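The values are calculated or read from the model by the stated rules, or taken from the named source; none is laboratory data. What you see is a predicted model; the values in this text were computed from it and never measured. Please note: Cβ atoms are built from the backbone with ideal geometry, for glycine as well, and neighbour counts cover all protein chains shown. The accessibility values were calculated without ligands, DNA or RNA, using every heavy atom of the protein model including side chains. Shrake-Rupley method; radii C 1.70, N 1.55, O 1.52, S 1.80 Å.
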Amino acid sequence: MNYVVLLALMAFALGMVGLGVAGLTTGWIHPWERGRVLRPVPHGFSHIFSGCGFVCFCVFFLFTSSGDVSLKLLVVLAVGAVLFLIGIVLRGMASFPDR
């Protein structure tokens, strides 16, 4: 059951990356975010970084479900956290006007 949930979450994260790529290439923004987003490029990058960080979280939990945690998996977790935080900062930058 854990694998099914983690694969569904990984599909969601890859969908976030896909929406970020669509936002970067076409400038498309979700209809519910169009009033808040003033800069589409940081918004697209925020989706990409957050999605990649979420994929790293899913990979970490996918391989630690057996109970064996190695240093490589902890590095994957740390990289995922950094990518996710970069995505959050970029999402905040997307709502401020450009100078």
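Scan segment 34-46 for residues that are open to solvent by 30 Å² or more (accessible area, probe 1.4 Å) and in a helix (DSSP H, G or I) and jot them down.
Correct list: Pro40, Val41, Phe45.
Scan segment 72-99 residue by residue and report those that are in a helix (DSSP H, G or I), hydrophobic (A, V, I, L, M, F, W, C) and within 22 Å of Glu33 (Cα to Cα).
The first filter runs over segment 72-99 and keeps only residues in a helix (DSSP H, G or I), leaving 72-94.
Now drop any that are not hydrophobic (A, V, I, L, M, F, W, C), which leaves 73-79, 81-86, 88-90, 93-94.
Selection gives Leu83, Phe84, Leu85, Ile86, Ile88, Val89, Leu90, Met93, Ala94.
Considering segment 1-33 alone, what residues qualify as being outside any helix (DSSP H, G or I) and under 25 Å from Pro97 (Cα atoms)? Before you say what the answer is, go through the steps one by one.
Here is the first cut: in segment 1-33, the residues outside any helix (DSSP H, G or I) are 1, 27-30.
If the condition is that a residue be outside any helix (DSSP H, G or I) and under 25 Å from Pro97 (Cα atoms), then Gly27, Trp28, Ile29, His30 are the ones that fit.
Give me the pairs: first residue in segment 1-26 and farther than 12 Å from Cys58 by Cβ, second residue outside any helix (DSSP H, G or I) and open to solvent by 40 Å² or more (accessible area, probe 1.4 Å), beta-carbon distance under 9 Å, and six or more apart or on different chains, which are they?
Partner pairs satisfying both residue conditions: Leu19/Trp28; Ala22/Trp28.
Can you tell me which of (1) open to solvent by less than 70 Å² (accessible area, probe 1.4 Å); (2) part of a loop (DSSP other than H, G, I, E, B); (3) under 22 Å from Asn2 (Cα atoms); (4) without any contact (Cβ under 8 Å) to a residue 40 or more places away in the chain is the one Val69 doesn't meet?
With respect to (1) open to solvent by less than 70 Å² (accessible area, probe 1.4 Å); (2) part of a loop (DSSP other than H, G, I, E, B); (3) under 22 Å from Asn2 (Cα atoms); (4) without any contact (Cβ under 8 Å) to a residue 40 or more places away in the chain, Val69 is out only on (1).
Looking for something of a type outside the set (A, V, I, L, M), open to solvent by 40 Å² or more (accessible area, probe 1.4 Å), free of Cβ contacts under 8 Å to residues at least 24 places away in the same chain and outside any helix (DSSP H, G or I) - is there at least one such residue anywhere in segment 52-64?
No; the residues of segment 52-64 include none that is of a type outside the set (A, V, I, L, M), open to solvent by 40 Å² or more (accessible area, probe 1.4 Å), free of Cβ contacts under 8 Å to residues at least 24 places away in the same chain and outside any helix (DSSP H, G or I).
Of the numbered conditions (1) in contact with a helix residue (DSSP H, G or I) (Cβ under 6 Å, 6 or more places away or on another chain); (2) modelled with pLDDT of 90 or more, Gly15 fails exactly one; give the number of that condition.
(1)
In segment 74-82, is there at least one residue being farther than 22 Å from Asn2 by Cα, open to solvent by 60 Å² or more (accessible area, probe 1.4 Å), within 18 Å of the chain's Cα centre (by Cα) and touching a residue at least 12 places away in the same chain (Cβ under 8 Å)?
There is at least one residue in segment 74-82 that is farther than 22 Å from Asn2 by Cα, open to solvent by 60 Å² or more (accessible area, probe 1.4 Å), within 18 Å of the chain's Cα centre (by Cα) and touching a residue at least 12 places away in the same chain (Cβ under 8 Å).
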